[in-house]
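Everything below concerns the one structure shown next.
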Amino acid sequence: MRMPSLKAVQSFLKSTTARLAMSYLVIIMLMSIGFSVVFYSVSARELGPHGPHPVLDQSQSNSQTDLDMRPRIERDPAVKAYLKQREAQGKRELLERLIYLNIIALAAGSALSYYLARRTLRPIEENMDAQAQFVSDASHELRTPLTALQTTNEVALRKPKITENEARNLLAKNVAEVTKLQALTTALLKLARSDGSDTRHVPVSLQNAASEAMNKFISAAQNKDIVIEDTVPDISVNGDTTSLAQTIAILLDNAIKYSPENSTILLSGSKNGKTGSISIQDHGQGIASKDLPHIFDRFYRADQSRTQNTSGEVDGYGIGLSLAKKLVHQMNGEIIVTSAEGKGSTFTIRMPLAS
Ligand code: ADP
């Protein structure tokens, strides 16, 4: 077995786990040593001249004769020496046992402290890892369109001459790209910041939330000759008006993005027990079963060759569904999906009914 290097040991000792484990161990040892000191002093007193007599008190007798006998016997030098020796031996044995006990406490306490420190720190570490991953993913996602933007502009600048038409085209592309980047950064900020503390839990009409979301996508649907059928009944659920409309908007946006021209999208709703649901059903490309478990992951996009818009550009950043899921969870709801490749997908938001 290879010995760990000094540097590795030093960095481990410096690590938070070691420091926290050390604090736990100090507490355990303080308790163990404190208990030992108290136990020793009480027991030592019992072993001493004022404690129960090793010979006389064995008889359990409290007769006057026994009590009278005790001082006389103890004055005998042989008994005195014997008692002293017994006392010293008893104290030594007791001390030895307590020392062993504390060594065992030190060994067991070290293992227990390390285990407790790991348990305490694991969720914090996971959180920090997730944050680091988020920052790295977000930076990567932002860098790609920024690089594309930089390249197109540099290519245009290198041209000796540029017509007004070309310049306008370039500017239009730049503006479109910047608009998408703005949408991405807004979604990223929402995803990173929203901890649900500002989520309200009030009665919200599914019908109103659906109409509010639909209004934003009328022209996008018209551009692809997509008909949106809205049959959502007037169901009142417990949630946050803005979050619910935003979630429906994300799902509707996807339904339009991943549907072919001249297709239909159906918005429907229903009540079941204590739950109110709204479904967004499209007849688009559907989602492959291998992608289904991942589509709610941040930045996950199904096979890029399939997620292309009509101009062949890959649209979206894989952030919408993770934001939708987060918003729905913050409202104590859930979001489920069923999909068949080539046939379409149905996303359903299930919310607690307003009481
Ligand atoms: P984006 O749409 O920006 O890529 P999302 O998080 O909204 O990101 O969606 C993640 C992935 O899930 C998409 O890239 C797409 O592959 C798939 N997806 C989502 N909604 C649909 C849908 N209605 N039909 C087909 N695929 C979908």
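List of remarks:
- For Ile319, nonlocal amide neighbours, meaning residues 5 or more places apart or on other chains whose placed amide H falls under 5 Å from its own, are Phe299.
- Stretch in the chain that is longest and holds no trypsin sites (Lys or Arg not before Pro) that DSSP places in a loop and that have at most 16 other beta carbons within 10 Å: 76-160
- Membrane-span-like helices in the chain (whole DSSP H runs, Cα extent of at least 18 Å along the helix axis, mean Kyte-Doolittle hydropathy of at least 1.0): 16-47.
- Taking amide H atoms as placed 1.01 Å from N in the peptide plane, the amide H of Asp230 lies under 5 Å from those of Leu267, each 5 or more residues away in sequence or on another chain.
- Sequence-distant contacts, meaning Cα pairs under 8 Å at least 6 residues apart, place the relative contact order of the chain at 14 percent.
- Within the shell defined by Cβ-Cβ distances under 15 Å, the residues around Leu112 carry a net charge of +2, with Lys and Arg each +1 and Asp and Glu each -1.
- The chain: most fluctuating residue of Ile218, Ile226, Ile104 per GNM, C-alpha cutoff 10 Å: Ile104
- Relative contact order, percent, the range 223-355 [alpha-carbon distance under 8 Å, six or more residues apart]: 32 percent
- Subtracting the Cα-Cα distance of Leu181 and Glu125 from 0.36 nm times their residue separation leaves 17.1 nm of extension gain.
- When the Gaussian network model of the chain links Cα atoms closer than 10 Å, the mean-square fluctuations of Ala187, Ala88, Ala221 top out at Ala88.
- 222 nm mean residue ellipticity, helices alone, for the chain (DSSP H n ≥ 4; -39,500 (n - 2.57); rounded to 500): -20500 deg cm²/dmol
- Residue among Gln285, Thr241, Tyr258 farthest towards the positive dipole end of the range 236-298, charges placed on Cβ: Thr241
- Put simply, the amide H of Leu353, placed in the peptide plane, has neighbours under 5 Å in Asn238, Thr275, Gly276, leaving out anything fewer than 5 places away on its chain.
- q = 0.14 Å⁻¹, the chain: log10 I(q)/I(0) [Debye, one scatterer per Cα]: -1.16
- Compactness relative to 2.2 N^0.38 Å, alpha carbon Rg of the range 93-217: 2.13
No lab work stands behind these numbers, since they all come straight from the coordinates. Since the structure is predicted, the reported quantities are computational estimates derived from the model, not experimental observations. Every residue, glycine among them, receives a Cβ derived from its backbone with ideal geometry; neighbour counts consider all protein chains shown.
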